[in-house]
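Quick notes on the structure that follows.
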Amino acid sequence: MSAPTVSVPTPSAPAADRLDALLPVVGGDTPVPLVDGRTVSYANLDYAASAPALESVAARVTEVLPLYASVHRGAGYLSQVSTALYETSRQTIARFVGARQDDVAVIVRNTTDALNLLAGCVPGRVLVLDCEHHANLLPWVHSTGGDDRRATVLASGPTAAATLDLLRDELTRGTYALVTVTGASNVTGESLPIDALATIAHDAGARLLIDGAQLVPHRPFSLSESGVDYVAFSGHKTYAPFGAGALVGRRDWLDQGTPYLAGGGAVRDVRTDRTLWQPAPARHEAGSPNVLGAVALAAACEELAALPAGALVAHEDALRERLVDGLSAIPGVRVLRLWSDSADPVGVVSFSVGEDDPGLVAAYLSAEWGIGVRDGRFCAHPLLARLGVTGGALRASVGVGTPVEAVDRLIEALHAWTTDGPRAEYDVVDGCWAVIGDPRPGVDGIDALAATAAAGCGPVVDD
Ligand SMILES: Cc1ncc(COP(=O)(O)O)c(C=O)c1O
């Protein structure tokens, strides 16, 4: 195996090329090893899967840890402090998504959890598009123990405008309690106009749920301003990877729906022959809540909300434009688009490289350039089939911690791939592409940490 001759920045180089991240994130400069023995700063282009923690979030969690104690049940001083921290965080999270006065914020694990929770509360049929992440598809089609008649899965149209028409038509044909749509596609970053969706759903007597997993971390969003009834999102995609997410929206369904978790904290009174449940949010939050997760998510919400108006959008728009322009200029690269008329797509861009196996290209990007992207079908199999890439694709995604250099490195690496091909040799091992005789240190937990630290690249922190 010959060593790559490509030139990439080293951790000892001036950090000027990384200054254009909008906010500091933990691990923004984490060194990773390459197959040629060098180390480079990790180019994290996988924010859509899980984003790194904001430094302010990590600091807040560290600050709160000494105050951590049992929540809701303890009479001790720190229990009361922890309870206050948890409930204040709930309010901050609700405020961040523009909750109305009587909306409820349920603290959950992530978007998948939030959508499964709501599936137990919707008093009627659900209309969903075929372009959704599985998290916003499977809970609806399987929410009655496999009875697919509970939901209609509508094929999205070739444009956003056509898709709105299809939704409008279907809502005149059937009676639906809920329309549920992604706020931004986890494959293309594109979206339907939310205000128009709310009007279409409400005109038909239905409510609107927005899967905010890819929207909320990247665009200002307000339930009260948009008229959207529910929003679900994940802390780990919102720069707060501490295990919490949220479902925020109208109280009545959440007060009456099936308690999501049965257990302590969700009940008012239990006898052996009957149970009296609490109203929401406690109704759905049985068991000991994730106080630190909620605190972390609230801290991320506060920092994002404090950004100067337009800064978040401007940063991500610039990165997305550079990404799409760069990819489009590489012969054989096809950028996947769902709706050509989509306004304001977020920084999530999927693409194919000729007929090349996306897993192989992703392995090359990692091993020879220190770039992290996603490959596969992105938990959106129907959408990938619709886009004609049943074998999967590659996805690059950005966020507040992404420097322009990461995008430029990806483009340079793909140019090198299409002109020279890989320098190392690869094979499929246990279903994944891997470097044959990979000289890089193992990635089995502590091994990887020790190895990068031993390379003299400074401390390795949460990444
Ligand atoms: C649009 C969308 N919805 C839902 C999910 C599920 O999110 P989580 O894995 O945090 O539950 C994802 C995750 O990638 C997503 O991108």
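The values are calculated or read from the model by the stated rules, or taken from the named source; none is laboratory data. Since the structure is predicted, the reported quantities are computational estimates derived from the model, not experimental observations. Positions of Cβ are backbone-derived with ideal geometry, glycine not excepted, and every protein chain shown enters the neighbour counts. Accessible surface is based on the protein model in full, side chains and every heavy atom, while ligands, DNA and RNA are left aside. Shrake-Rupley method; radii C 1.70, N 1.55, O 1.52, S 1.80 Å.
Evaluated against (1) touching a residue at least 24 places away in the same chain (Cβ under 8 Å); (2) farther than 19 Å from Phe96 by Cα, Pro217 falls short on exactly one condition, (2).
Within segment 272-283, the presence of at least one residue that is of a type in the set (A, V, I, L, M), open to solvent by 40 Å² or more (accessible area, probe 1.4 Å) and away from the ligand (no atom under 16 Å from the Cβ) is confirmed.
Scan segment 220-238 for residues that are without any contact (Cβ under 8 Å) to a residue 60 or more places away in the chain and on the phi < 0 side of the Ramachandran plot and the total you get is 2. Considering only residues in segment 345-380 that are on the phi > 0 side of the Ramachandran plot, in a loop (DSSP other than H, G, I, E, B) and within 16 Å of the ligand (Cβ to nearest atom), the one that is surrounded by the most Cβ atoms within 10 Å (Cβ to Cβ) turns out to be Phe378.
Scan segment 392-448 for residues that are part of a helix (DSSP H, G or I) and of a type outside the set (S, T, N, Q) and the total you get is 18.
Is it the case that segment 218-226 has a residue that's open to solvent by 30 Å² or more (accessible area, probe 1.4 Å), away from the ligand (no atom under 13 Å from the Cβ) and in a helix (DSSP H, G or I)? Looking through segment 218-226, at least one residue is open to solvent by 30 Å² or more (accessible area, probe 1.4 Å), away from the ligand (no atom under 13 Å from the Cβ) and in a helix (DSSP H, G or I). Please go through (1) more than 25 Å from Arg95 (Cα to Cα); (2) among the hydrophobic types (A, V, I, L, M, F, W, C); (3) in contact (Cβ under 8 Å) with a residue 12 or more places away in the chain for Ala162 and return the number of the only condition it doesn't satisfy. Here Ala162 meets the rest and fails (3). Restrict the check to segment 256-263 and report whether at least one residue is assigned to a strand (DSSP E or B) and either within 28 Å of Pro24 (Cα to Cα) or not aliphatic (A, V, I, L, M) (or both). No, there is no match, as no residue in segment 256-263 is assigned to a strand (DSSP E or B) and either within 28 Å of Pro24 (Cα to Cα) or not aliphatic (A, V, I, L, M) (or both). Does segment 237-244 include one or more residues that are assigned by TED's automatic domain parsing to the domain that holds Asn116 and over 19 Å from the mean Cα position of the chain (by Cα)? No, the conditions are met nowhere in segment 237-244. Would you confirm whether or not segment 194-205 contains a residue that is within 16 Å of the ligand (Cβ to nearest atom), open to solvent by less than 20 Å² (accessible area, probe 1.4 Å), in a strand (DSSP E or B) and on the phi < 0 side of the Ramachandran plot? No, segment 194-205 contains no residue that is within 16 Å of the ligand (Cβ to nearest atom), open to solvent by less than 20 Å² (accessible area, probe 1.4 Å), in a strand (DSSP E or B) and on the phi < 0 side of the Ramachandran plot. The residues in segment 48-71 that are open to solvent by less than 20 Å² (accessible area, probe 1.4 Å) and either part of a loop (DSSP other than H, G, I, E, B) or without any contact (Cβ under 8 Å) to a residue 60 or more places away in the chain (or both) can be counted, and the count is 6. Arg173 passes every criterion in (1) in contact (Cβ under 8 Å) with a residue 12 or more places away in the chain; (2) of a type outside the set (Gly, Ala, Ser); (3) more than 10 Å from the ligand (Cβ to nearest atom) apart from (1).
Inspect segment 438-459 for any residue being of a type in the set (A, V, I, L, M), touching a helix residue (DSSP H, G or I) at 6+ places or on another chain (Cβ under 7 Å) and either modelled with pLDDT under 95 or open to solvent by less than 20 Å² (accessible area, probe 1.4 Å) (or both) and give the result as yes or no. There is no residue in segment 438-459 that is of a type in the set (A, V, I, L, M), touching a helix residue (DSSP H, G or I) at 6+ places or on another chain (Cβ under 7 Å) and either modelled with pLDDT under 95 or open to solvent by less than 20 Å² (accessible area, probe 1.4 Å) (or both). The single residue among Leu394, Leu383 that is within 16 Å of the ligand (Cβ to nearest atom) and out of contact with any helix residue (DSSP H, G or I) (no Cβ under 9 Å at 6 or more places or on another chain) turns out to be Leu383.
Per the conditions (1) open to solvent by less than 10 Å² (accessible area, probe 1.4 Å); (2) under 23 Å from the mean Cα position of the chain (by Cα), the sole criterion not satisfied by Ala266 is (2).
Residues in segment 408-434 that are of a type in the set (D, E, K, R), in contact with a strand residue (DSSP E or B) (Cβ under 8 Å, 6 or more places away or on another chain) and open to solvent by 30 Å² or more (accessible area, probe 1.4 Å): Glu425, Asp427.
Restricting Arg395, Arg334 to those that are closer than 15 Å to Trp417 by Cα and either outside the structural domain of Gly183 (by TED's automatic domain parsing) or open to solvent by less than 50 Å² (accessible area, probe 1.4 Å) (or both) reduces the list to Arg334. Scoring Leu209 on the criteria (1) open to solvent by less than 50 Å² (accessible area, probe 1.4 Å); (2) more than 25 Å from Ala99 (Cα to Cα); (3) within 14 Å of the ligand (Cβ to nearest atom) leaves a single failure, condition (2). Of the set (1) of a type outside the set (S, T, N, Q); (2) closer than 30 Å to Arg109 by Cα; (3) in contact with a helix residue (DSSP H, G or I) (Cβ under 6 Å, 6 or more places away or on another chain), all apply to Val335 but (2).
Residues that are more than 27 Å from Glu303 (Cβ to Cβ), of a type in the set (D, E, K, R) and in contact with a Gly (Cβ under 8 Å, 6 or more places away or on another chain) do not occur anywhere in segment 108-116. Screening segment 240-254 for residues that are touching a residue at least 60 places away in the same chain (Cβ under 8 Å) and away from the ligand (no atom under 13 Å from the Cβ) and picking the one that is surrounded by the fewest Cβ atoms within 10 Å (Cβ to Cβ) gives Arg251.
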